[in-house]
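First comes the structure, then the notes that go with it.
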Amino acid sequence: MSKPLVRIEHLTKTYKMGDLEVHALRGVDLTINSGEFIAIMGASGSGKTTLMNLIGCLDKPTSGTYTLDGTDVHTINEEDLAELRNQKIGYVFQSFYLLPRTTAYENVELPLLYRTRMSHHQRKELTRKAMQNVSMEDRAHHFPNQLSGGQQQRVAIARAIVNEPVILLADEPTGNLDSRTGVEVMAVFQELHKQGITIILVTHERDISEYAERIITFRDGKIRSDIGNPKIRNAFVDLQSLPPVDED
């Protein structure tokens with residue numbers, strides 16, 4: 001039986017803008033089990049991105065508790081928090097944030113360079129495995145400007161999973177892609193989910209949320225609905241059969 005990976009209780013986040021207080025989260029309770037694939041929806045300002053930043057340890061709550069894989073995040077120091085982010089959390093963003101003068105392989109390998117006890121052979125094997133998981137091993141020596149948008153996002157996903165995190169966070173990962181390429185990216189997420197990776201995806205697109213097995217909707221800083229998705233859309237895409245990259 002899956003164990004709780006994320007446990008959130010009475011979480012609030014208030015931003016102060018001069019004399020004005022903005023209540024981004026208003027007492028959120030949420031449990032996410034290991035191996036789940038969750039989509040979080042909501043209009044702009046609903047609180048979904050704030051929650052993602054708190055789960056990703058990119059921000060701290062005003063009040064409430066957050067436990068990730070047994071660790072009470074609120075109680076640990078900055079050094080341990082940085083280590084937690086690097087080893088247990090993978091991030092995928094709408095913008096790919098790839099280093100332009102660095103090959104796909106080197107972009108994926110980058111997080112491993114901060115693990116000083118890891119050998120070159122271990123880094124090589126983990127990088128190869130991550131690129132294989134997103135069907136980009138044959139593009140390892142291409143630079144970002146030689147890759148399509150979908151391929152760049154797949155490299156970004158490989159970089160996010162290279163450390164073998166316990167949770168993968170994706171914030172509008174198809175936002176900069178056309179619909180066909182978005183399906184390709186969702187095929188990658190569904191394949192990673194089949195391998196047991198826990199995924200939390202933020203999106204404002206209903207059709208993208210339907211690739212997840214559980215859909216949580218936010219409004220005004222609160223969870224308004226949290227339902228299982230009985231008709232999960234399947235992104236049947238053979239990534240290996242996609243057209244090759246044009247090279248100069």
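Numerical summary
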{"read-out": "Hey, Ser44 closer than 25 Å to Met186 by Cα, within 20 Å of the chain's Cα centre (by Cα) and either of a type in the set (Val, Ile, Thr) or surrounded by 13 or more Cβ atoms within 10 Å (Cβ to Cβ) (or both) or not", "value": "no"}
{"read-out": "Any hit, segment 119-133, residues being over 20 Å from Val185 (Cβ atoms), without any contact (Cβ under 8 Å) to a residue 60 or more places away in the chain and not in a helix (DSSP H, G or I)", "value": "yes"}
{"read-out": "Exclusive hit being free of Cβ contacts under 8 Å to residues at least 24 places away in the same chain and surrounded by fewer than 18 Cβ atoms within 10 Å (Cβ to Cβ), set Gly64, Gly70", "value": "Gly70"}
{"read-out": "Residue within segment 96-108 that is within 17 Å of the chain's Cα centre (by Cα) and part of a helix (DSSP H, G or I) present", "value": "yes"}
{"read-out": "Those residues of segment 113-136 which are surrounded by fewer than 19 Cβ atoms within 10 Å (Cβ to Cβ), within 22 Å of Ala82 (Cβ to Cβ) and not polar (S, T, N, Q), in sequence order", "value": "Leu113, Tyr114, Arg115, Arg117, Met118, Arg123"}
{"read-out": "Filter result for Glu83 (assigned to a helix (DSSP H, G or I) and either over 30 Å from Thr31 (Cα atoms) or of a type in the set (Gly, Ala, Ser) (or both))", "value": "no"}
{"read-out": "Subset tally (residues that are touching a helix residue (DSSP H, G or I) at 6+ places or on another chain (Cβ under 6 Å) and part of a loop (DSSP other than H, G, I, E, B)) for segment 30-42", "value": "1"}
{"read-out": "Flag if Ala158 is aliphatic (A, V, I, L, M), under 30 Å from His204 (Cα atoms) and touching a helix residue (DSSP H, G or I) at 6+ places or on another chain (Cβ under 8 Å)", "value": "yes"}
{"read-out": "Residue among Val162, Val134 that alone is closer than 24 Å to Ser209 by Cα and either touching a strand residue (DSSP E or B) at 6+ places or on another chain (Cβ under 7 Å) or among the β-branched types (Val, Ile, Thr) (or both)", "value": "Val134"}
{"read-out": "Residue satisfying all of: in segment 1-24; part of a strand (DSSP E or B) and of a type in the set (Asp, Glu); farthest from the chain's Cα centre (by Cα) among these", "value": "Glu21"}
{"read-out": "Output for segment 159-190, where each listed residue is more than 14 Å from the chain's Cα centre (by Cα) and not hydrophobic (A, V, I, L, M, F, W, C)", "value": "Asn176, Asp178, Ser179, Arg180, Thr181, Gly182, Glu184"}
{"read-out": "The listed residue being among the small types (Gly, Ala, Ser), farther than 22 Å from Ile232 by Cβ and outside any loop (DSSP other than H, G, I, E, B), out of Gly27, Gly45", "value": "Gly27"}
{"read-out": "Answer residue from segment 195-228, given it is small (Gly, Ala, Ser) and closer than 26 Å to Gly64 by Cα and is surrounded by the most Cβ atoms within 10 Å (Cβ to Cβ) among those", "value": "Gly221"}
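FYI, it's all coordinate maths here, none of it is from the lab. Just so it is clear, the model here is predicted, and its values are computed rather than measured. Cβ coordinates were reconstructed from backbone atoms using ideal geometry, including for glycine residues, and neighbour counts include every protein chain displayed.
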